[in-house]
1. Being within 13 Å of the ligand (Cβ to nearest atom) and either free of Cβ contacts under 8 Å to residues at least 60 places away in the same chain or basic (Lys, Arg) (or both) is true for just one of Arg209, Arg201, Arg217. Which residue is that?
2. Against the definition (surrounded by fewer than 20 Cβ atoms within 10 Å (Cβ to Cβ), away from the ligand (no atom under 16 Å from the Cβ), of a type outside the set (Asp, Glu) and under 26 Å from Gly308 (Cβ atoms)), how does Asn449 come out, yes or no?
3. Mind checking whether some residue in the stretch 174-186 is buried (at least 16 other Cβ atoms within 10 Å of the Cβ), under 30 Å from Phe160 (Cα atoms) and within 11 Å of the ligand (Cβ to nearest atom)?
4. Which numbered condition in (1) within 15 Å of the ligand (Cβ to nearest atom); (2) in contact with a helix residue (DSSP H, G or I) (Cβ under 9 Å, 6 or more places away or on another chain) is the only one that Leu7 fails?
5. Taking the stretch 46-83 as the region of interest, how many residues are in contact with a Ser or Thr (Cβ under 9 Å, 6 or more places away or on another chain), of a type in the set (Gly, Ala, Ser) and more than 19 Å from Tyr128 (Cβ to Cβ)?
6. Condition first: surrounded by 21 or more Cβ atoms within 10 Å (Cβ to Cβ) and modelled with pLDDT of 95 or more. Now tell me which residues in the stretch 98-109 satisfy that.
7. Could you list, in sequence order, the residues of the stretch 266-285 that are in a strand (DSSP E or B) and either over 23 Å from the mean Cα position of the chain (by Cα) or at pLDDT below 95 (or both)?
8. Show the residue pairs meeting these rules: Cβ distance below 9 Å; 6+ apart or different chains; first residue within the stretch 437-464 and more than 19 Å from Trp141 (Cβ to Cβ) and β-branched (Val, Ile, Thr); second residue at pLDDT below 85 and away from the ligand (no atom under 16 Å from the Cβ).
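The values are calculated or read from the model by the stated rules, or taken from the named source; none is laboratory data. Keep in mind that what you see is a predicted model, and the values were worked out from it rather than measured. Because the Cβ atoms are built from the backbone with ideal geometry, glycine has one as well, and the counts that use them run over all protein chains shown.
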Amino acid sequence: MDPLKALADAERKPYWLDSPAKPEPRPRLTGDTTADLAVVGGGFSGLWTALMAKERDPSLDVVLLEGRRIGWAATGRNGGFAMATLTHGIANGLERWPEEVRTLEHLGLRNLDEIGETVERYGIDCGYERTGELHVATEPWQLEEMHRNAETAREMGVRFDVMDAAQVRVEVDSPTYVGGMWERDGCAMLDPAALAWGLRRACLEKGVRIHERTPVRHMRETPTGMELLTRDGTVRARAVALGTGVFPPLLRRLKHFVVPVYDYALVTEPLSAEQLASIGWRNRQGVGDSANRFHYYRLTADDRILWGGYDAVYYNGGRMRQEYEQRDATFTTLAEHFFTTFPQLSGLRFTHRWGGVIDTCSRFSAFYGRSHGGRVAYAVGYTGMGVGATRFGANVMLDLLAGRQTERTRLRMVREKPIPFPPEPVRSAGIQLTRWSIARADLNQGRRNLWLRTLDRMGLGFDS
Ligand SMILES: Cc1cc2nc3c(=O)[nH]c(=O)nc-3n(C[C@H](O)[C@H](O)[C@H](O)COP(=O)(O)OP(=O)(O)OC[C@H]3O[C@@H](n4cnc5c(N)ncnc54)[C@H](O)[C@@H]3O)c2cc1C
């Protein structure tokens, strides 16, 4: 199938946000107001923080300020894989926090359970399905790595089922698979924009005041708390939670730790019953292949396939621009890979194509902290795995603001910061060399060159 033909009519916008369910915007902030807690950012981080603050203490006066629209950024344009892992996978967790990885795995599973319970409690119609994730191997070295990961997971009490080619093809049928591993419990599939809009509704029902199209330009300390300055008004608050993702941070120190990485995705038209039967996929798992440059894919509620990943693009200087959300070379590559994986679906067309920005940090999992004498808390750096983990991060921010020692705040993972990225232009040069090395490793049975091995030893990395 000619990828250009398959892409010809694809709209240039995120599939999930292109929905009649998108709510009308809440009014901008005008004038001055006060709050007990001000939350900055209307993605998953900010929404979970505002909602759970009200759940912890319904009398708390909470205001949420979003610069554009609720869920417009990474939150509304991702793959919708809500992963249990808080550490970007068990292997990364084991490498960095071996003594607490077991606790982290269990906290992550509990967090995912609680996301399911919240969806149920508030009646959020976001297609939540606890299907697990099928990791597929397209090269023998990837299958060997799966056996090692499954063994580690088993020691942690987590179930990963390794499968040979025939077994995995019973689940999802691609001639490219040499094996796979089903992580049954560790992932739920959902419609991320619908979840964000549902959390928004739940916040409003609980009395959170939400202002959209209200970018916070500046944050400063006052004798009694913090002040957030916007174009047409200010918020004076006792405490502030920052869920601002990859965007220029209101706390300068954070800019050394996070770089913007663009990730891209396509969505097909709905599959017919025959097309679906030709690939199986009765258990509707999220699927991820296992090279360093990986694809992720899944079915939507109406049986389209969302197909994303592979290219993780860093624009030199860490630039972010709206035009970067479209990248035709990447869309063509993704479409080619799609038809290589599923030749049975030749003739299928894509209806949507888009990109979004990932807040990458050097340890691949979010980091947390406080400033201004504990009046401000932040959680950023989810590195492409924040659909589930942002809820855990929101709980950490609330614990930190309450000054409470909890099982979360006692974790070394929560107390430690990642290694900062070097300043430009060394940063861009280093990241591009790393991207090149990662691509080479995939062509070379996963073998890592000297540069990647040096980064590994330093605990520094680049991922999406
Ligand atoms: C293409 C793509 C695919 C992905 N796939 C997955 C996946 O399948 N599974 C997974 O777990 N993760 C995935 N991710 C990552 C996931 O989407 C993010 O980790 C998660 O959404 C982060 O949520 P957030 O609220 O921290 O950030 P964001 O969603 O970026 O929200 C931050 C918000 O803060 C607002 N803001 C920033 N600064 C200010 C300010 N000064 N004033 C007011 N508002 C401000 C922004 O406007 C924005 O709305 C993917 C990301 C992308 C881009």
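1. Arg217
2. Against the criterion (surrounded by fewer than 20 Cβ atoms within 10 Å (Cβ to Cβ), away from the ligand (no atom under 16 Å from the Cβ), of a type outside the set (Asp, Glu) and under 26 Å from Gly308 (Cβ atoms)), Asn449 does not qualify.
3. Looking through the stretch 174-186, none of the residues is buried (at least 16 other Cβ atoms within 10 Å of the Cβ), under 30 Å from Phe160 (Cα atoms) and within 11 Å of the ligand (Cβ to nearest atom).
4. With (1) within 15 Å of the ligand (Cβ to nearest atom); (2) in contact with a helix residue (DSSP H, G or I) (Cβ under 9 Å, 6 or more places away or on another chain) applied to Leu7, the lone miss is (1).
5. 2
6. Leu104, Gly108
7. Across the stretch 266-285, the qualifying residue is only Gly280.
8. Sorted first by the residue in the stretch 437-464, then by its partner, the pairs are Thr454/Leu460.
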